[in-house]
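J.: First the structure, which I've put down as structure tokens, then a few questions once you've had a look.
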Amino acid sequence: EQNRIKREFQLARQMQKTLLPARRRDFPVTALNLPAREISGDFYDYFELADGRIAFCVGDVAGKGMDAALLMVRASSCLRWAGRDGTPPGQWLTKVNRELSETVTRGMFVCAVAGYYDPATSCIEMANAGFPPLLLRRADESVQELPADGPPLGILGDFQYREERVALAGGSLYAFSDGVTDVRGPERRPIGIEGVRDLISRVSGLSPRARVRAIVGQLRKMTLADDTTLMLIADDRAPARYLGGLAGSSDPENLRLVRRKVTEVLTQLGFGEKQRQTMVLAVDEAVANVIRHAYGGCCEGRVELSVWLDTDAVRFELRDYADPVDPNLIKPRDLSECRPGGLGINLIDSVMDHWVFRHPEEGGGNLLTMIKRLP
């Protein structure tokens, strides 16, 4: 009987290994998995889509043994199946959650994060189902936690997951299972999220692949209490070049200066007249929204616009110092709604290749990033 169980576990482990993607040199996504036992409840996957984006997911199955291994295989397969056609991350996890909720054994569930990385814009769209907070290390070495805003898969079958957008802009995104934070250090206590931050800061000067290896190497020296998985998505392109910008009051009279500056930059970058016109209109509308809505028409607010050249895209950063706005409220409006106004984000969404609305790390206010690939 023991030999039979051992063979089944070996077979399950072999099956798990076949589900992991092949490692690729100089690829933006790299990951490693350390099983605490013969078979792991953790998994990860990444694959390229026809449009050039890279789909990725990391998951952690609650439970141990053969049941957890089988659920891991099912969850991993479902996530790959549901993400192959580029379905928005929120819908992606919603679809998988509905599927797993109908079949998962009571008391079992899957914590997972899934999304897409666009190497052309260095932007990520993702959704999080109960997975530990991801760490975004920006080019300026600041670190931001990105916590889950949805429950694990397999618990609430009708839950609708939402996606969020992140601009790497020379930074890196770290996703890791709770086995990483639960690793016990020299004092026999879990290292926690602060311990992970410390490990990341120590390896910041290495290549992405070397960073993952170095972090995992440090984890091996500690006591593993659970399966441990680490994924890194890195934007290692050339540093962005500052092309210029404007800073001033929220006076509508300054909009003409914005239009002039954006036209000047886009002409230098070789954008055609039609593209220039639509992009100038989009940036102008974004600044007008800040004046109109963030500052309520007050001319005393401060507005900052900076323009950056990434490797193959132009990036606009629009900063205000008004009261913070919930990023979840900034989204394109349903065009079937018959009411005036409110179409600024629709315009930006249709003109730009990617945009992200978030709160700056320091100083309060709001920050809108708009990215357009070079012609």
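J.: If we keep just the residues of the stretch 323-352 that are loosely packed, with under 14 Cβ neighbours inside 10 Å and among the acidic types (Asp, Glu), which is modelled with the lowest pLDDT?
T.: This residue is Glu337.
J.: Okay, next question. In the stretch 110-123, which residues are modelled with pLDDT under 95 and either touching a helix residue (DSSP H, G or I) at 6+ places or on another chain (Cβ under 9 Å) or among the aliphatic types (A, V, I, L, M) (or both)?
T.: Ala120
J.: Considering only residues that are surrounded by 22 or more Cβ atoms within 10 Å (Cβ to Cβ) and either part of a strand (DSSP E or B) or not assigned by TED's automatic domain parsing to the domain that holds Leu230 (or both), which ones fall in the stretch 47-87?
T.: Passing the criteria: Ala55, Phe56, Cys57, Val58, Gly59, Asp60, Val61.
J.: Does any residue of the stretch 88-98 turn out to be part of a loop (DSSP other than H, G, I, E, B) and either under 20 Å from the mean Cα position of the chain (by Cα) or at pLDDT below 90 (or both)? Let's see the steps before the verdict.
T.: Step one: filter the stretch 88-98 for residues part of a loop (DSSP other than H, G, I, E, B), giving 88.
With either under 20 Å from the mean Cα position of the chain (by Cα) or at pLDDT below 90 (or both) added as a condition, the list becomes 88.
Yes.
J.: Conditions: (1) surrounded by 16 or more Cβ atoms within 10 Å (Cβ to Cβ); (2) under 30 Å from Tyr46 (Cβ atoms). Arg241 meets all but one. Number of the miss?
T.: Arg241 satisfies every listed condition except (1).
J.: Is it the case that Asp67 is among the acidic types (Asp, Glu), modelled with pLDDT of 75 or more, farther than 20 Å from Pro152 by Cβ and out of contact with any strand residue (DSSP E or B) (no Cβ under 8 Å at 6 or more places or on another chain)?
T.: Against the criterion (among the acidic types (Asp, Glu), modelled with pLDDT of 75 or more, farther than 20 Å from Pro152 by Cβ and out of contact with any strand residue (DSSP E or B) (no Cβ under 8 Å at 6 or more places or on another chain)), Asp67 does not qualify.
J.: Of the conditions (1) more than 30 Å from Ala322 (Cα to Cα); (2) outside the structural domain of Asn33 (by TED's automatic domain parsing); (3) among the basic types (Lys, Arg), Arg259 fails just one. Which one is it?
T.: (1)
The values are calculated or read from the model by the stated rules, or taken from the named source; none is laboratory data. What you are looking at is a predicted structure, and each value in this text was computed from that prediction instead of being measured. Neighbour counts run over all protein chains shown; Cβ positions are idealised from the backbone, glycine included.
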